[in-house]
Structures are given as C-alpha cells and as structure tokens.
Amino acid sequence: MSFPRRGFIKAAVTAGMVTSPLLGTASPAAERSTMPPMNPADWASVRSQFSLSPEQVHLSNFFLASNPLPVREAMARHREAFDRNPYTYLEDHMFAKPEDMLWRQVTSAAARYIGGRPEDVALTTSTTQGLALIYNGLRLRPGQEILTTEHEWYTHDEAMRLANLKSGASIRRISLYGQRSDVSAEAMVAKVQAAVRANTRVVAMTWVHSGSGVRLPIQAMAHMLAEANKQRSEDQQILFVVDGVHGFGCVDEDVAQLGCDFFSAGTHKWILGPHGTGVLWAKPERWKLISPTIPSLMAPELNNAWRQERAPQGPTEAAWVSPGGFMAFENQWGTLEAFEFIQRIGRQRIAERVAELNGQLKQGLLAMPHVTLHTPLEAQHSAGIVCCEVQGRTPREVVAELKQQNIIASATPYRHSTVRFSAGIVNSPADIDKALAAMAKLG
Ligand SMILES: Cc1ncc(COP(=O)(O)O)c(C=O)c1O
C-alpha cells in the first residue's frame, strides 16, 4: 500500500492550505491535515511520515536523521510556544513542578527503550558529548590505561585523548579483525581478554563500527570483563564504555542488559530524533564514579548546594551529568516523540527490516566482481551499515557517481576510506535494487 502524499500536498498548496510554496517544507500541521494516519505495519505508510526527497534513494540516514512527522510536529509545537511566551513556557516545563518537566518524559521514554530506569539516563546533545562526559568524569590516574581498538571513530578516540591529557592515563589500541572473513565473536572477545592488563581501568568499544559495519559482541565482552572483575578490588574494576550509536535504534537489544557500564548514543541517527540530541546511560552503581563536567539544570541538589554555599550531598546521579545551560529545548523535548514513533513500529520489526534490507544490499554487492565487500554477511556481526570498495575508483568517486544516479551513499572519513551504504526503515527492497543497479554500472 502506498500514499500519494506529494499529490495531496501539491493539491493543498494549490488550494492555499499550506503556507510554504516548496513541496516538502509544508508545516507539519498542514502536512498532517493532508495525510491518513500512519499504519505502523505498512512500510510505505511509515515512509510517508518523512519529507525525504522522493527522487533520491537515501542510503545515508545513519549519518543524521530525517525526522518523521510526529517529531517535526512536536518540535514545531514547542518552537511556537517558545516564540509566544519563552519565559512562561520554559519555567512551566523545566523548573516549576517535577511532574511537568518535559525532560523527565524524555528520560522515561529513553528508559523504556533501553530497558532500564529513567534515573539512569542523562540527556546529551550527541554521542560525542556523552563520551566526553564519561572520560572526563572518570578522572583516571597516571599509570591507569584505557584499552580500546583501532576501529574507533575520531570523536571517540579524541574524547579519550583529551581526557587523558588532563588525567595522565594512557591509551592502548588493539585490532579486533582484519578482513570480513576474520570476524568472529569468539575471536574478538578473546583478543580483548588477552589484551587486558592489571592497569586497564577502562575498556572502550563501539557497538557497530562505522568504518566497516562490523557489530561487536558487546554482551559476551561484558560477561568476560565481569569475570575478570571478580578478581579485582573496587577501585581497579574494569569499566566497560560503549559508543552505541549505530546499534541504538536498529538492533533489538535492551541496552541495560548488554552488561556494559556506560553507554553513549546520539538519538539523531537511528532513533530518528531531533538533531543535537542523545542519551548517556550507566549502570545504577556506576554513576557515582563520574564527576560532572558541565553544570546541570536538572539536579536540584546541585543548585541548592550552590545557593546554600555548601558541597553537594550524595553520590553523582545521571541528572547531575546532563549538561545544562539553556539549549534547543524544542529538540531535546521532541526526542520523546522519536522514541514513541519507533516504539509504535516495534524495535524487533525495525531490527528485522534493517537486517533484511542491508542483507539484500550485501548479497548484491558480493556478487559483483568489481566490488569488495568489507561488512560481514552474518546478521550477528553487522547491523545497518554496509561498507565496500569498487575496483579502480576511490570511495569519493563512487559516491559522486552514485549521486549522479540519485543514490545517496557516503565515503567513510576514516584513515582507510570505503564506500558506505545504510538502509533503514525509510527504504524499500526497490531502493536496494536501484542502488545495486547503479553499483553494477560501475563495473
Ligand atoms: C561510531 C560513531 N560514533 C560516534 C559518532 C558521532 O555521533 P554524534 O554525532 O552523535 O556525536 C559517529 C558519527 O557518525 C560514529 O560513526
């Protein structure tokens, strides 16, 4: 089933119902008035909730989300209310009564998705910010180390480096795999296990590597580290930090059950939330290890302590770590509708769809003699990112040629660059066929 949404909007523009003259920039309210309600069981109906340009095949949405209609409506509603009466709207929804504080609804929605408690969710502006808050907050000591990999994204590496400049701790990197065929959960866990040393205080991993599409066995790694921790004193426990952004929203796992200690993910990628939003989750017993970096507006105790000229009482809580200062509240609060949107469709269904579409893509690429596929075929070793190379062309050349054919892919900005595709719930099997046809032409 499909909805001729553009036709409706065009008619509405002509009839003067929609204020913007450009298709796709209609106000969310006007758009809503022209659309049937979403049927979450129908992928074409789900796709109709997005303003993505229909003439292109969008295979880079993991990068920055196009927001579905309910999220755009929420942001517009908050924006309008702020424009009418900024003081009262902020006071009423941020400071007056706990039950009216909208950030609490966001942490509750995030906690439902994570399978944990709202009080263990801090709200950030990105994966990067959350990681920086962890590494700065842990305040490692000289002599301690962070054990990580050669596969991390720049901002993860940089968050560790910047924090260690201050703490004096060191960083050691290991390789978890070489070729696609090397990827094995047992081997990756064994490599981390063999690399851990007495002075390893943090193990820092990424759930799904954005330079290869490889998904790590986080739960098995966490289990192995928990065993190692049984031999360690409290202040020498290995803390497991995960950059989870490319699994969060496309893999069907409760983050709170993964076993890691700290988990940072933007909600502006696979969660489809407003730009500049993210969550930082930690196990309840680990928050106390974090010293907040940025003053929070969500922690009454911190504010009371300042007013009363005393030190804050009690261990750090997630709310203490949520960065404050006034911000784009319309975006932070619009994250509620993003979680609701994906929960309506269902985490498992989304994960299956992402696996199916990216599986179709990988199989098609594998069959092309001029293409080298870097992402494992197995669903347990991959998620929604597919990386490959084309013989005789640089990744940037491939991306430019695909763009000419209306296929939106990306070139990975890693030391070794590859061509990167990513199919999500806005895509269809027909989109994948088009992308494969365009790739076949490059042979
Ligand atoms: C693995 C990984 N971590 C972190 C980030 C940065 O995410 P954010 O923009 O939410 O900071 C990216 C960017 O896509 C990434 O690929």
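Placing dummy labels 7 Å off each Cα toward the beta-carbon, the span from Arg79 to Glu150 is 4.5 nm.
Starting from the Cα of Arg307, move 7 Å in the Cα-to-Cβ direction to define the label point; list residues of segment 80-113 whose amide nitrogen is under 13 Å from there. The answer is 95-97, whose backbone nitrogens lie closer than 13 Å to the label point.
Evaluated with a Cβ-only charge set (Lys, Arg +1; Asp, Glu -1), segment 348-440 carries a dipole of roughly 220 debye about its Cα centre, given to the nearest 20. Which percent of the Cα-Cα distances in segment 89-342 go past 28 Å? Above the 28 Å cut-off, segment 89-342 has 31 percent of its Cα pairs.
Exceeding 28 Å between C-alpha atoms, which entries from my cross-link table qualify? They are Lys97/Lys166; Lys191/Lys441; Lys283/Lys362; Lys191/Lys283. With Cα atoms farther than 28 Å apart: Lys97/Lys166; Lys191/Lys441; Lys283/Lys362. Applying 1/(1 + (r/R0)^6) with R0 = 60 Å to the Cβ-Cβ distance of Ala190 and Arg112 gives a FRET efficiency near 0.95.
The calculated FRET efficiency for the pair Leu52 and Gln343, based on their C-beta separation and a Förster distance of 25 Å, comes to about 0.70.
Per-residue surface analysis assigns Lys434 an accessible area of about 120 Å², computed on protein heavy atoms at 1.4 Å probe radius.
A simple spin-label model places the labels of Asp182 and Leu366 2.0 nm from each other, with each point 7 Å out along Cα-to-Cβ. A simple rule links phi to the HN-Hα coupling: the Karplus curve 6.51 cos²θ - 1.76 cosθ + 1.60 with θ = phi - 60°, which for segment 160-171 gives 5, 4, 5, 5, 5, 4, 7, 7, x, 6, 10, 10 Hz, with x for Gly and Pro.
Centre-to-centre separation between the Cα atoms of segment 397-443 and those of segment 243-293: 28 Å.
Scalar couplings 3J(HN,Hα) for segment 130-142, obtained by applying the Karplus form with A = 6.51, B = -1.76, C = 1.60 to θ = phi - 60°, are x, 5, 4, 5, 5, 5, 5, x, 6, 6, 5, 10, x Hz; x denotes Gly and Pro.
Using a simple spin-label model with pseudo-atoms 7 Å out from Cα toward Cβ, Ala437 and Asp92 lie 5.3 nm apart. Determine the share of segment 97-182's accessible area contributed by carbon and sulfur atoms, expressed in whole percent, with a 1.4 angstrom probe. Within segment 97-182, the accessible surface is 50 percent carbon and sulfur. Shown in residue order for segment 379-388 are the 3J(HN,Hα) couplings computed by the Karplus curve 6.51 cos²θ - 1.76 cosθ + 1.60 at θ = phi - 60°: 4, 6, 9, 8, 9, x, 10, 10, 10, 7 Hz (x for Gly and Pro). Rolling a 1.4 angstrom probe over the protein heavy atoms with all chains in place gives the chain an accessible area of 43 Å² per residue.
Projected onto its three principal axes, the C-alpha set of the chain covers 66, 60, 33 Å, listed from the longest axis down. Only protein heavy atoms count here; on that basis, with a 1.4 Å probe, Lys166 has an accessible area of about 150 Å².
Rounded to the nearest 20 debye, the dipole size of the chain about its Cα centre is 560 debye, using +1 on the Cβ of Lys and Arg and -1 on the Cβ of Asp and Glu.
The values are calculated or read from the model by the stated rules, or taken from the named source; none is laboratory data. For clarity, every value in this text was computed on a predicted model and none was experimentally measured. For neighbour counting, all protein chains shown are included, and Cβ atoms are generated from backbone atoms with ideal geometry for every residue, glycine included. Only protein heavy atoms, including side chains, enter the accessible area calculation; ligands, DNA and RNA are left aside. Shrake-Rupley method; radii C 1.70, N 1.55, O 1.52, S 1.80 Å.
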